[in-house]
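Structure first, then comments.
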Amino acid sequence: MKLRNFLLHSGLIITVIISILLTAIIWLNPATFQHNSKATTATGDTLQNNDHKEIGDVFLPTQVVLSESNNLYQLVSSHVDLVQSFRQQITKQKVQQISRHKNLTDYQSFLKQNNAIVLNYGSPVTIRLFNQAFKQQITKYQNLKYNRILIPLNSKGVIYLLNDSDKNVFQITFKQLIWNKIKQQLKNKNIQQLPVEYELENSQYQLAYKQAITLPSYSYLINKVNASSLVPELLNSDGQSTITTKVQKNQTVYSDGGDNRMVISNKTGKVTFSSYSNLNYYTGTKRSHVESLSYNDLLKQSFIRINSIGNSLDDVRFDRFDSTSETATFHSFVAGFPIINSNDYGGFRIQILNAGGQQYNFSIYSLQVMVPSSGRQLTLPATAQVYQSLIQAGYAPAKIKGIKIGYRWQTNHSSKLVADLIPSYFVNINGKWSSYSSLLENTDTSNTR
């Protein structure tokens, strides 16, 4: 055990030293690694950034659920990417036909049918985005929404797109689509099966964990974006604006004297960019003013925004869309769970208003590479127990809008260059996601009860 701990700590120290050397090189010669803003393209529906991430890479499902022997299991793994495996299978085939499934009598039973895999989204996406994610060319129903892909493992050439809100189901037919390789992959010992059930919340079925579950923690090197590199991307894209910089208490404020303003917290690294320009929307490669945007266009424009920031989009997925505030949220995902943090570490919130305003919230900190860790595991209670604990603590049931599992970002005690990701329940109260433990520890909950 001592030898194992010695090797783990030695590996961490070596990795951190390498990171420091690379960081020093970047600081001494930033031009070598300078992001080229012209490398982001926006032509038609093919959108790609510097690290070759396309719009379809970000708008992929985030959960995998197996229905077997009348039981449901969420499949999670840090070694096996099942979503990408299904994506590779589907992209090898071409859609022959799409049609509404008209003989549906019980949506919930259809969703929970045996011998099937369901790929879930946090919020609906469009069939046009299905084309982007799975390299298809469906021309019908392109702006209609779905939030699940159901794959009957024993059926050849058929998958279904489901929408919880309106209970619509679309059948997609391929010439030949067989899941033998996927079935074999499901037997991998590195895939953990978590017993779950569906609970209807706000017209959408959410996963609830039927019993206590044990999940690992992870450690990652932290990547820090130089604040000065954000200025040309967000405030001076034409290279002609005069930028003013002011330090106010614990934050630095950048402004172009007109419509654009960026505030960076010197303590947390949280970035808030606001703009009220009349030219906030991309049509092709040029900006133009658009009076109204469709749901698909709002998601597409949000993707363009996170591209323009210049941060790496590795493991970043679309998580949800809030129609009230017109805000799209993207998170980094680890083993199928989102990283959730009040300082937006590993995430992006993009608000686009039809009136012309927009606001980005993100962080200069993101994850780089996984490093050796202690392999600490935490056991989380069943969802029902979490709910009851919140009620007993005084939180009103009507205020609790959602409960889910994610990873909490905290700085490693041994090195500030390393982030520890700790599994935790998160609770949506009044539209804000907070960790379950912090809610129970909070003695003044008058605003949320």
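The values are calculated or read from the model by the stated rules, or taken from the named source; none is laboratory data. Here the structure is a predicted model, which means the values were calculated and not measured. Neighbour counts are summed over all protein chains in view; Cβ atoms, including those assigned to glycine, are modelled from backbone coordinates with ideal geometry. Keep in mind that these areas ignore ligands, DNA and RNA; they rest on the heavy atoms of the full protein, side chains included. Shrake-Rupley method; radii C 1.70, N 1.55, O 1.52, S 1.80 Å.
Values computed for the structure shown
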read-out	value
Boolean, Gln392 is farther than 22 Å from Lys224 by Cα and polar (S, T, N, Q)	yes
Boolean, Ser229 is touching a helix residue (DSSP H, G or I) at 6+ places or on another chain (Cβ under 8 Å) and under 30 Å from Asn311 (Cα atoms)	yes
From the options Ser312, Ser292, Ser325, Ser302, residue that is surrounded by fewer than 15 Cβ atoms within 10 Å (Cβ to Cβ), in contact with a strand residue (DSSP E or B) (Cβ under 9 Å, 6 or more places away or on another chain) and either at pLDDT below 90 or not in a strand (DSSP E or B) (or both)	Ser325
Pick from segment 257-278, criterion assigned to a strand (DSSP E or B) and open to solvent by 50 Å² or more (accessible area, probe 1.4 Å), ranking: nearest to Ser366 (Cα to Cα)	Lys270
Test: residue in segment 86-93 that is under 26 Å from Ile55 (Cβ atoms), outside any loop (DSSP other than H, G, I, E, B), in contact (Cβ under 8 Å) with a residue 60 or more places away in the chain and open to solvent by 10 Å² or more (accessible area, probe 1.4 Å)	yes
Residues of segment 165-181 satisfying the condition of being closer than 17 Å to Asn120 by Cα and touching a helix residue (DSSP H, G or I) at 6+ places or on another chain (Cβ under 8 Å)	Lys167, Val169, Phe170
Residue match in segment 373-384 (condition: within 26 Å of Gln84 (Cβ to Cβ), touching a residue at least 40 places away in the same chain (Cβ under 8 Å), open to solvent by less than 10 Å² (accessible area, probe 1.4 Å) and not basic (Lys, Arg))	no
Meets criteria (crowded, with 19+ Cβ neighbours inside 10 Å, out of contact with any helix residue (DSSP H, G or I) (no Cβ under 7 Å at 6 or more places or on another chain) and closer than 20 Å to Phe321 by Cβ) for Phe426	no
From the options Leu353, Leu367, residue that is open to solvent by 30 Å² or more (accessible area, probe 1.4 Å) and touching a Gly at 6+ places or on another chain (Cβ under 7 Å)	Leu367
Matching residues, segment 400-425, being among the basic types (Lys, Arg) and out of contact with any Ser or Thr (no Cβ under 6 Å at 6 or more places or on another chain)	Lys401, Lys404, Lys416
Of the criteria (1) surrounded by fewer than 14 Cβ atoms within 10 Å (Cβ to Cβ); (2) among the hydroxyl-bearing types (Ser, Thr, Tyr); (3) part of a loop (DSSP other than H, G, I, E, B), which one Ser109 fails	(3)
Matching residues in segment 397-414 - criterion: being open to solvent by 20 Å² or more (accessible area, probe 1.4 Å) and not hydrophobic (A, V, I, L, M, F, W, C)	Pro397, Lys399, Lys401, Lys404, Arg408, Gln410, Thr411, Asn412, His413, Ser414
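Conditions (1) within 22 Å of Thr329 (Cα to Cα); (2) more than 17 Å from the chain's Cα centre (by Cα), marked per residue:
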| position | (1), (2) |
| --- | --- |
| Gln388 | no, yes |
| Arg408 | yes, no |
| Ala419 | yes, yes |
| Tyr436 | yes, yes |
